Amino acid sequence: MGVEKPAVPFDREYYRRYYYDPRTAVTNRREMQARARLIAAFTEHVGLPVRRLLDAGCGTGLLRTPLKRLLPKAEYVCLETSAYLCSRYGWQHGRIEDYRSGPAFDLVICYDVLQYLDSRAAARALSNFGRLCRGALYFSALTRRDWDWNCDPARTDSNVHLRAAQWYRLRLQRNFREVGAGFWLRRGAPLTVWELEAQF
């Protein structure tokens, strides 16, 4: 898949630039609150009671506060590879490609994480979603097309592995059905979506 990128130091300086400084931040609270409302509304729409939620690569936790308010009965697990963030916020330290859990999660969120993993680790993470998730997956990763057409390169980290969206889709389809807008349903989960709401 091309030249291997050096490991990103997910340290204080990285988060200062891309999250804490409003002049260079890649996102903001308002955007993430809207995303949290979307995620919560989708779980209600498909009839998924969320009792366990995994936020894989939770970063600074911008989704956590609004989702805990919208899904108050959910046990919320924040998984993060950054030792800096785990120390600062108390997140569980780990990597999504290796993470194991006893009971599966009703909802797994992995937003803008896998572009930081090389192809082998990213494929393992996508496979691991099938073990960790028994209901809905909310997934997004920066793709090659996103880099060319959608993102602001001045606010987006370029030290990533850019892949085609189809690379992710092919691997996710082994365990999930794509519903759209970043949502995937675990195959076999007793959740209802109408025919034109999903790709079968």
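The values are calculated or read from the model by the stated rules, or taken from the named source; none is laboratory data. Small disclaimer: the values here were computed from a predicted structure and weren't measured. All Cβ positions, even for glycine, are placed from backbone atoms using ideal geometry, and neighbour counts span all protein chains on display.
Yes or no, residue by residue, for (1) crowded, with 22+ Cβ neighbours inside 10 Å; (2) within 22 Å of Ala141 (Cβ to Cβ); (3) in contact with a helix residue (DSSP H, G or I) (Cβ under 7 Å, 6 or more places away or on another chain); (4) touching a residue at least 12 places away in the same chain (Cβ under 8 Å):
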position	(1), (2), (3), (4)
Tyr19	no, yes, no, yes
His45	no, no, no, no
Asp98	no, yes, no, yes
Leu107	yes, yes, yes, yes
Arg120	no, yes, no, no
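Of all the numbered requirements in (1) in a loop (DSSP other than H, G, I, E, B); (2) crowded, with 19+ Cβ neighbours inside 10 Å; (3) in contact with a Ser or Thr (Cβ under 8 Å, 6 or more places away or on another chain), Gly61 misses one, and that requirement is (3).
In segment 128-151 there is at least one residue matching the filter, namely being more than 16 Å from the chain's Cα centre (by Cα), under 25 Å from Pro66 (Cα atoms) and part of a loop (DSSP other than H, G, I, E, B).
Kindly establish whether Leu54 is at pLDDT 95 or above and surrounded by 23 or more Cβ atoms within 10 Å (Cβ to Cβ). Yes; evaluated as a whole, the condition is true for this residue.
Listed by first and then second residue, the pairs linking a residue in segment 64-89 that is in contact (Cβ under 8 Å) with a residue 24 or more places away in the chain to a residue that is among the β-branched types (Val, Ile, Thr) and buried (at least 19 other Cβ atoms within 10 Å of the Cβ), with Cβ atoms under 6 Å apart and 6 or more places separating them unless they lie on different chains, are Leu71/Val50; Ala74/Val50. Can you say whether Arg186 is buried (at least 18 other Cβ atoms within 10 Å of the Cβ) and either closer than 26 Å to Leu67 by Cβ or modelled with pLDDT under 95 (or both), as far as the supplied structure shows? Here the answer is yes, as Arg186 does meet what is asked. In this entry, Ala36 passes the filter for residues that are more than 16 Å from Trp184 (Cβ to Cβ), crowded, with 17+ Cβ neighbours inside 10 Å and in contact with a Pro (Cβ under 6 Å, 6 or more places away or on another chain).
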